[in-house]
Amino acid sequence: MLLKHKGAAGAPTASADAVSLASVRKVYGRGAAAVTALHDVTIGIPRGTFTAIMGPSGSGKSTFLHCAAGLDTPTSGTVLLGGTDLTGMNEVRLTELRRSRVGFVFQAFNLVSSLDVTQNITLPLRLSGTRIDRTWVAEILARVGLTDRAHHRPAQLSGGQQQRVAIARALVTRPEVIFGDEPTGALDTVTGREVLTLLREAVDDTGQTVVMVTHDPVAAGHADTVLLLADGRIAESMSRPTADRVAERMATLGGRA
Ligand SMILES: Nc1ncnc2c1ncn2[C@@H]1O[C@H](COP(=O)(O)OP(=O)(O)OP(=O)(O)O)[C@@H](O)[C@H]1O
Ligand SMILES: [Mg+2]
C-alpha cells in the first residue's frame, strides 16, 4: 500500500511524534500582497498527547493546523505524519491519507443534511471503501451519547449534538491524529465540556493524538501542552496548562482571551 508507515529504523524521533513540522513556512499571495502566515515553524507533537494551539487572531493557528493535517501545502519545509512525509505528496495520495489516518472536527460541523446520524458517521468509511463494523459504530454512537438519535437528520439535532456527530465521524476511522479548529467555538459551556471530554478520552483511552485550535483558556486547560503562536511563530510551549495560566499569557500576547 501507498500509505504504510515507514519503518522506525533510522527515524526514531519521527515515529515518536504523531506530527512533526520542520522549518515550515507558509506564504499566502505574492509580491507586495504576500503575507507570511508561518515563519519556519519547527515542532514535534508526541503521539498520544493533547495539544492546544492558541494565539491572537491572525497569528497563524488555522494555517498551522491545515499544514499539519495535509489540508494545505507549506511554501517550504517538511511535515511528517507518523513518519510519512506529506510534502510533495500529490492530492490523490493526500486525500487518501486524510481519509484513513486523520480525523477533523471543525466549528462548522460539515454534516450532510440529507443523511441521518449513522450515515454521517459512517461516511468516511464508505468513501474509503472500508467495511462498516456495526458493533464499532454502535460503540462510537454510545460514546458520544447519540444512540437514541441514530436515525435523526442533522436538522433535528441541537448544535452540541451535531458537533458530537462530527466527533463520532472523526473517530470512526480510528485516526492517528484528530485535528480540531475551534471545535467548541459554537457550543455552550456544558456541551463544550462534553466535547472536550470526548477528545480527552480519545487520547487517554485509545492513545490517539489530538491537536486543537482554541481561543478558550478553559478548553486549553484540557490539553497536555499549549502552543502559543504569535505572528506566525511559536512564542511558547506550556506544559500541563491551567486555564488561569493560559489566560494570563494570552493577555500579555494581546489575545482575545
Ligand atoms: N487564503 C489566504 N490568503 C491570504 N492570506 C491569508 C489566507 N489565509 C490566511 N491568511 C493570512 O494569514 C495570517 C494567518 O491566518 P490564520 O487564518 O492562520 O490565523 P488564525 O490564527 O487562525 O486567526 P483566527 O484566530 O482569526 O482564526 C493572517 O494574517 C491571514 O490574514
Ligand atoms: Mg483560525
Long-range tail of P(r) for the stretch 8-119 (Cα pairs > 16 Å, %): 65 percent
If I take R0 = 41 Å and measure r between the Cβ atoms of Leu115 and Thr73 in this structure, what FRET efficiency does the formula 1/(1 + (r/R0)^6) give, to the nearest 0.05? 0.85
Rg over Rh [alpha-carbon atoms, Kirkwood Rh] for the chain: 0.96
Scattering profile of the stretch 192-257 at q = 0.25 Å⁻¹ [log10 I(q)/I(0), Debye over alpha-carbon scatterers]: -1.12
Computed from the beta carbon distance with a Förster radius of 35 Å, FRET efficiency for Tyr28 and Thr252 to the nearest 0.05 stands at 0.80
Between Arg240 and Asp85, what is the label-to-label distance in nm when each label sits 7 Å out along the Cα-to-Cβ direction? 3.8 nm
Counting other Cβ atoms within 10 Å of each Cβ, which trypsin sites (Lys or Arg not before Pro) in the stretch 93-175 have at most 11 and sit in a DSSP loop? Arg131
Once you treat every alpha carbon in the stretch 85-203 as an equal point and sum by Debye, what is log10 I(q)/I(0) at q = 0.10, 0.13, 0.15 Å⁻¹? -0.28, -0.48, -0.64
Centre separation in Å (Cα based) which lies between the stretch 160-214 and the stretch 121-148: 15 Å
Just round it to a whole percent: the fraction of Cα-Cα distances in the stretch 147-201 exceeding 19 Å. 27 percent
Quick check on the chain: helices-only [θ] at 222 nm, where DSSP H runs of length 4 and up contribute -39,500 (n - 2.57) each and the sum goes over total residues. Nearest 500, please. -10000 deg cm²/dmol
Net charge (Lys, Arg +1; Asp, Glu -1) of residues whose beta-carbon lies under 9 Å from that of Glu176, Glu176 excluded, is +3
With Cα springs under 10 Å, the Gaussian network model of the chain assigns the largest mean-square fluctuation among Leu65, Leu115, Leu228 to Leu115
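No value in this document is a laboratory result; all are computed from the given coordinates. No experiment lies behind these values; they were computed from the predicted model shown. Cβ atoms come from the backbone with ideal geometry, glycine included; neighbour counts cover every protein chain shown.
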